Amino acid sequence: MSSSRKFAAALLGLAVLGPAWAQQAATAPAYPGIGRTATKAEIAAWDIDVRPDFKGLPKGSGSVNLGQEVWEAKCASCHGIFGESNEVFSPLVGGTTAEDIKAGRVARLNDTTFPGRTTLMKVATLSTLWDYINRAMPWNAPKSLKTDEVYAVTAYLLSLGGIVPEDFTLSDANIADVQKRMPNRNGMTTAHAMWPGKSLGKAAPPDVKATACMRDCDTEPKVASLLPDFARNNNGNLAEQQRLVGPQRGIDTTRPAGTRRDGPISIAATPAPAVTASPTVTPAQAPATGNVAAALALIKKNSCTACHGMDQKLVGPGFKQIAAKHGSRSDAEAYLASRIKSGGQGVWGPIPMPAQALPDADLKTIAAWLAAGAASR
């Protein structure tokens, strides 16, 4: 075979094998032997974002009335019955007017005398609201709401802001029309110079213009906080408390200022004032170790620890605080089980606790554990 024919045959072979090689290269893992290609089902479970043009929005609908029922059961404990919030989170509703809905810009965002900024004042795209509720709410059980419940909760929130009427049903078919009534729909800008060039909008100057100091420079400032000695341990040991935002730990306030935190924490080093001490519960009979372990597993499984600390109040009272208040009752177990099952508010403040649908056996285990002092081990 001539050299020209050999070359032509080689080209033909490459043309035939090329697609197969490309397909193999596309499906082969980047690091052989490490991991595997995600399945379609795995990708679908994560691919739930909804774009501002509502691409990715699932079909469904939900009424304001249904949204109120879901809200009161799963949302009001943190955000208030009417979205007015409480001492836990900022208000969701308020600060918008009918004129804002017409103009698409919330006037009070530029009013320095207005006391706060609510969610409906700031959010520009309805898809953001729907998407966040769908993926992150309620905070102790994210992604647990059904699609129609997400539509319903969103509709209820919009009705509280006067964006839709009280008899409205929000759906994938009309959500784009509702977007046209968002109070701050024209208040968002993409010309923020996060990237060089035109970015996502018009070209804009950089957010920061810095000129390096070469001489007679100011000393670097140091930012610090401190507690006066007389108040150092007034609210309990900060090192033992879980902060509400993030896994941040405070300093060991049982030790004098400047002392390194080495070795075990000693509460006796700087005793807390007597006014902060909780009454001691002395149960008639401490629960068996197995019952304590079972109770601790149940409160973790049912996300009770999202709202209740072991010793300190988070959203609701700490477990030991509950034990101290009710453990001495003659009907403590029955009373605590009924309170967990029915929910309610007023005993520990204005924040309501939703009713908990737990099996009777689980209720009894948790109630017995609380009545016996809420042991942590």
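The values are calculated or read from the model by the stated rules, or taken from the named source; none is laboratory data. Predicted, not measured: the structure shown is a model, and the values here were computed from it. When we count neighbours, we look across all protein chains shown, and the Cβ atoms used for this are built from the backbone with ideal geometry, even at glycine.
Side notes on the structure shown:
- Scanning the stretch 66-81 for residues that are under 14 Å from Thr154 (Cα atoms) and of a type outside the set (A, V, I, L, M, F, W, C), we see that the one that is surrounded by the most Cβ atoms within 10 Å (Cβ to Cβ) is Gly67.
- Test: residue in the stretch 37-50 that is touching a Ser or Thr at 6+ places or on another chain (Cβ under 9 Å), modelled with pLDDT of 85 or more, under 30 Å from Ala357 (Cα atoms) and not charged (D, E, K, R): no
- Restricting the stretch 43-65 to residues that are exposed (fewer than 11 other Cβ atoms within 10 Å of the Cβ) and not hydrophobic (A, V, I, L, M, F, W, C), the residue that is nearest to Glu149 (Cα to Cα): Lys59
- For the stretch 347-366, the tally of residues that are under 16 Å from Gly316 (Cα atoms) and not β-branched (Val, Ile, Thr) stands at 8.
- Enumeration of residues in the stretch 64-96 that are hydroxyl-bearing (Ser, Thr, Tyr) and free of Cβ contacts under 8 Å to residues at least 12 places away in the same chain: Ser85
- Count - residues of the stretch 129-160 that are surrounded by fewer than 17 Cβ atoms within 10 Å (Cβ to Cβ), at pLDDT 95 or above and assigned to a helix (DSSP H, G or I): 2
- The condition (being within 22 Å of Pro138 (Cα to Cα), modelled with pLDDT under 85, exposed (fewer than 14 other Cβ atoms within 10 Å of the Cβ) and not aliphatic (A, V, I, L, M)) is satisfied by just one residue among Pro350, Pro354: Pro350.
- Annotation: of all residues in the stretch 161-183 being more than 20 Å from Ala98 (Cβ to Cβ) and touching a helix residue (DSSP H, G or I) at 6+ places or on another chain (Cβ under 9 Å), the one that is surrounded by the fewest Cβ atoms within 10 Å (Cβ to Cβ) is Ala176.
- Of the helices (runs of 4 or more DSSP H) lying entirely inside the stretch 28-111, those containing at least 3 residues that are touching a Leu at 6+ places or on another chain (Cβ under 9 Å) are 64-74.
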